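Written out below as structure tokens is the structure these notes cover.
The values are calculated or read from the model by the stated rules, or taken from the named source; none is laboratory data. Every value quoted in this text rests on a predicted model; they were computed, and no experiment measured them. So basically every Cβ, Gly included, is an ideal-geometry build from the backbone, and we count neighbours across all protein chains shown.
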Amino acid sequence: MSSAAGSKVVVTGATGNVGTSMVRLLAEDPQVEWVRGLARRTPEWMPPKTEWFRVDVASEQADLAERFAGADAVVHLAWAFQPTHDPAKTWRTNVLGSIRVFEAVAAARVPVLVHASSVGAYSPGPKDYAVDESWPTHGWPDAAYCREKAYLERALDIFERDHTDVRVVRMRPAFLFKRESASEQRRIFAGRFLPGPLARPELMRFLPDIPGLRVQALHTDDAAEAYRMALRSPEARGAYNVAAEPPVDADLLSGMLGTRPVRLPRTAARSAIAAAWGLHLVPASPHLFDAVLRLPIMDCTRARTELGWRPRRTATDVLQEFLSGLQQGAGAGTEPLRGRKVG
């Protein structure tokens, strides 16, 4: 790994789902000299060559440029999914905090910025064929997550125009899962009191088959490897789609779980989610549900050909591992990933 490729790397959001995988990979890489992990709460976990700093990117008092000093690359992963009932708060963290990160990269003269964008940045697209990175990134405006990811794509357009000396990479992963993220993702999307054991296949006689519910998944470690390859590749810049095969729909899930798919109209599913969200029974909003039904299927040819990236796990492998973690209340040794078995 050349100096331009990131032998000294800062990772924001380093204790989360992607951050823990990213830090571990970098810490194990003999070509990486040191890793600085930035997070709102520092963990007891101490991987090799890693130093932790307690930093909130949303805080105007945070001196990000000081933490970035001397780095060859910044991998920006910090993101807040909650509270969905207060989009102004997530905007402050996700959008304004990210812009502070970009500005600090320029101020500290860091030569490489790898930013975690998302499939959620894409405008509504097809489900029956895959689109490449040229598909418009205007998001789904009614969903805060998509709106924020899309806005940052425009912010990066301006950043790249004004800072041509910085190599900017935008990774656009599918939905990311690993065993250790199961408890966190249950809390974020389904609520902290949903019993994980309900994910047992023998308790699921039917599976809702909702028109348009066809998405892509990826193991978090495979996403982190794509990020690392982007650091390693001095010519890598721009956007890269990363996802595993096959796309996930009701037929795939039913076959995996041994259940029978039952057609459920979109309106019925959305009404149930909206009612539960309105009563604060589940954190996931109906607006995000609307967005998921419209997300395109991504073509990952560019990541394969330019980075040499291949996911090690299929989407089926990813979901089986995640469901096992959900049943067991799996987690990891950081505050965001703490495990908890409910029920």
For residue 62: the one exception among (1) over 24 Å from residue 175 (Cα atoms); (2) of a type outside the set (Phe, Trp, Tyr); (3) at pLDDT 95 or above:
(3)
Can you pull out every residue in the stretch 209-228 that is crowded, with 16+ Cβ neighbours inside 10 Å and more than 11 Å from the chain's Cα centre (by Cα)?
209, 210, 213, 214, 215, 216, 221, 222, 225, 226, 227, 228
Taking only the stretch 290-340 into account, find how many residues are in contact with a Pro (Cβ under 6 Å, 6 or more places away or on another chain) and either among the β-branched types (Val, Ile, Thr) or farther than 25 Å from residue 191 by Cβ (or both).
3
Among residues of the stretch 298-310 being assigned to a loop (DSSP other than H, G, I, E, B) and over 17 Å from the mean Cα position of the chain (by Cα), the residue farthest from residue 123 (Cα to Cα) is 308
For residue 117, are the conditions met, namely being touching a strand residue (DSSP E or B) at 6+ places or on another chain (Cβ under 7 Å) and within 21 Å of residue 159 (Cα to Cα)?
yes
Those residues that are more than 17 Å from residue 18 (Cα to Cα), within 19 Å of the chain's Cα centre (by Cα) and not polar (S, T, N, Q), I need them from the stretch 311-343; list them, please.
317, 323, 326
Name the residues in the stretch 237-253 that are surrounded by fewer than 18 Cβ atoms within 10 Å (Cβ to Cβ) and part of a helix (DSSP H, G or I), would you?
251, 252
Collect the residues in the stretch 255-276 that are part of a helix (DSSP H, G or I) and under 10 Å from residue 208 (Cβ atoms), keeping them in residue-number order.
268, 269, 272
Given the conditions (1) touching a Ser or Thr at 6+ places or on another chain (Cβ under 9 Å); (2) under 30 Å from residue 141 (Cβ atoms), every one holds for residue 289 apart from (1)
Considering the stretch 137-174 alone, what residues qualify as being among the small types (Gly, Ala, Ser) and either more than 17 Å from the chain's Cα centre (by Cα) or modelled with pLDDT under 95 (or both)?
155
Given the criteria touching a Gly at 6+ places or on another chain (Cβ under 7 Å) and not in a loop (DSSP other than H, G, I, E, B), does residue 149 qualify?
yes
Which members of the stretch 287-343 meet the condition of being modelled with pLDDT under 95 and hydroxyl-bearing (Ser, Thr, Tyr)?
324, 334
